[in-house]
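Here the structure is laid out as structure tokens; the discussion comes afterwards.
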Amino acid sequence: MTEALQHWISDKQQSLIRAPIDEAMTLPRKAFTDESFFDLERERIFSQHWSAVCFTQQLSELGSVLPIEFLGMPLLIVRGDDNELRVFHNIVPYDGCLAVIEAATVDKISTPYHGWQYDLKGKLVSIPFWDGFKQPDLSALKGRKGDLIEVTSRNELGILFVDLSGKKNDFEAHISPLKKILTGYRTGEMRIGLAADDTLLIDQEHLATNWKTHYENWALNVLHEGFTHEVYHESSQIPRVNDNGEKTYVEHIDGDLMALSYLEEDFAETYELDDLPLNHLGVDPNCSPEKGFIGSFFPNVHIAAFSCFIHMIIVLPISAGKTQTLRAQFYDEESAIDHDVAEEREALQADFQGAGMEDGVITEAVQKARHSPAFEQQFYAPFWDNMHYTFSNRVLDALDQTS
């Protein structure tokens with residue numbers, strides 16, 4: 001798209017978004033409801049930045065192939081026989097069909113339409129009957145390129161990220177704020193918890209809301225907790241202020257990360273995790289992490305780090321009004337697989353599913369309300385909404401090709 005951003009967000013609206021927070025307004029409702037605006041985000045945000053697409057453990061075996069759609073784009077994730085994860089555009093250059101239709105475990109990729117075969121690195125190895133012969137040499141293509149096209153990818157913290165820009169964006173610069181905030185955790189030893197039947201505890205949500213509404217609600221909207229969630233409503237430690245009206249959390253805004261931290265001991269009554277039979281994730285084996293974190297990582301990851309597990313969410317935008325999420329909890333290896341604590345892992349997963357449903361009711365209600373013509377933009381509570389304000393400006397900066 002070559003249209004100027006003013007086509008969707010007027011100069012006046014942009015000025016209001018960029019104004020000081022006590023005068024500022026949010027992104028306009030069109031940014032949440034208009035499909036052409038969503039197309040703009042696909043082009044200028046998700047196609048230009050590192051984005052999360054799946055959890056790496058979804059492909060646990062050599063030869064695992066997983067076809068996915070990301071923003072309507074068919075991608076194919078493959079765990080090679082060298083144990084490396086690779087991502088390809090899921091399209092055969094000859095017939096234009098998907099190279100893989102369903103997840104499987106294979107020793108080579110056999111395409112469903114004309115039987116072309118690829119190795120697990122995406123290299124074309126067989127074109128049966130291309131020129132009438134059963135197994136012709138690849139030279140029969142006369143120089144046409146038949147390999148699958150690889151997408152730049154990296155895996156970190158159990159998540160697979162892709163860069164669709166073709167610009168070789170600096171992944172370390174992108175991921176470093178998230179790694180930095182988790183330096184007190186043994187993230188290199190984490191894995192997704194298993195259910196009692198040894199399947200991965202990964203759940204999905206399908207929400208009738210915009211991805212930004214979901215993003216704003218997770219960590220950025222601190223005040224909503226006690227009004228939306230039963231577990232918080234029952235806690236005397238919520239909202240996160242003391243009797244003097246001072247915040248009991250600290251904001252962290254660093255690169256693509258926006259998060260709040262709190263002292264675990266200050267919220268022990270709220271989360272009730274002290275008696276769980278799970279190993280803590282602290283780097284020091286004799287000391288559980290003192291701080292917890294709830295954060296959002298632009299453009300599409302959320303985290304909640306507790307002493308003995310880290311809850312992670314991958315947000316997959318579908319359209320202006322539809323969003324899918326993948327949710328999993330990471331433990332140290334022993335606690336992730338120990339059958340004796342499977343019940344506790346399943347209960348924790350269910351707790352977060354319940355909280356997700358509570359958030360889902362609200363984010364879908366916000367999405368419906370955005371269709372009202374009564375208000376084009378909303379305002380902020382400066383005491384609480386600095387991260388929300390920062391996110392709105394982060395989105396605007398990403399969309400504005402002149403900035």
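The values are calculated or read from the model by the stated rules, or taken from the named source; none is laboratory data. Fair warning: this is a prediction, and the values are worked out from it, not measured in the lab. Note that we place each Cβ from the backbone using ideal geometry, even for glycine, and neighbour counts take in every protein chain shown.
When residues in the range 206-235 are screened for being acidic (Asp, Glu), surrounded by fewer than 20 Cβ atoms within 10 Å (Cβ to Cβ) and in contact (Cβ under 8 Å) with a residue 40 or more places away in the chain, 1 of them pass. Of Gln401, Gln349, Gln377, all but one fail to be touching a Leu at 6+ places or on another chain (Cβ under 9 Å), at pLDDT below 95 and not in a strand (DSSP E or B); the exception is Gln401.
Rundown of residues vs (1) outside the structural domain of Thr323 (by TED's automatic domain parsing); (2) more than 15 Å from Ala19 (Cα to Cα); (3) of a type outside the set (A, V, I, L, M), yes/no style:
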{"position": "Ala342", "(1), (2), (3)": "no, yes, no"}
{"position": "Gly354", "(1), (2), (3)": "no, yes, yes"}
{"position": "Ile362", "(1), (2), (3)": "no, yes, no"}
{"position": "Glu376", "(1), (2), (3)": "no, yes, yes"}
{"position": "Trp384", "(1), (2), (3)": "no, yes, yes"}
{"position": "Asn393", "(1), (2), (3)": "no, no, yes"}
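Only residues that are crowded, with 17+ Cβ neighbours inside 10 Å and of a type outside the set (A, V, I, L, M, F, W, C) were counted across the range 359-372, and they come to 6.
A single member of Lys180, Lys145 is part of a loop (DSSP other than H, G, I, E, B) and loosely packed, with under 15 Cβ neighbours inside 10 Å, and it is Lys145. Do you know which of the residues in the range 165-177 that are surrounded by fewer than 18 Cβ atoms within 10 Å (Cβ to Cβ) and of a type in the set (A, V, I, L, M, F, W, C) is farthest from Phe70 (Cα to Cα)? Ranking the qualifying residues of the range 165-177, first place goes to Ala173. The residues of the range 212-243 that are of a type in the set (Asp, Glu) and touching an Asp or Glu at 6+ places or on another chain (Cβ under 8 Å) amount to a single one, Glu230.
Residues that are without any contact (Cβ under 8 Å) to a residue 12 or more places away in the chain, in a loop (DSSP other than H, G, I, E, B) and among the charged types (D, E, K, R) do not occur anywhere in the range 98-118.
Residues to consider are Leu16, Leu62, Leu40; find the one that is assigned to a helix (DSSP H, G or I), farther than 27 Å from His174 by Cα and of a type in the set (A, V, I, L, M, F, W, C). Result of the check over Leu16, Leu62, Leu40: Leu16.
In the range 148-177, of all residues being touching a residue at least 60 places away in the same chain (Cβ under 8 Å) and in a loop (DSSP other than H, G, I, E, B), the one that is farthest from the chain's Cα centre (by Cα) corresponds to Leu148. Pro67 meets each of the listed conditions (1) surrounded by fewer than 21 Cβ atoms within 10 Å (Cβ to Cβ); (2) not in a strand (DSSP E or B) apart from (2).
In the set (1) without any contact (Cβ under 8 Å) to a residue 24 or more places away in the chain; (2) of a type in the set (A, V, I, L, M, F, W, C); (3) buried (at least 17 other Cβ atoms within 10 Å of the Cβ), Leu348 fails one condition alone, (1).
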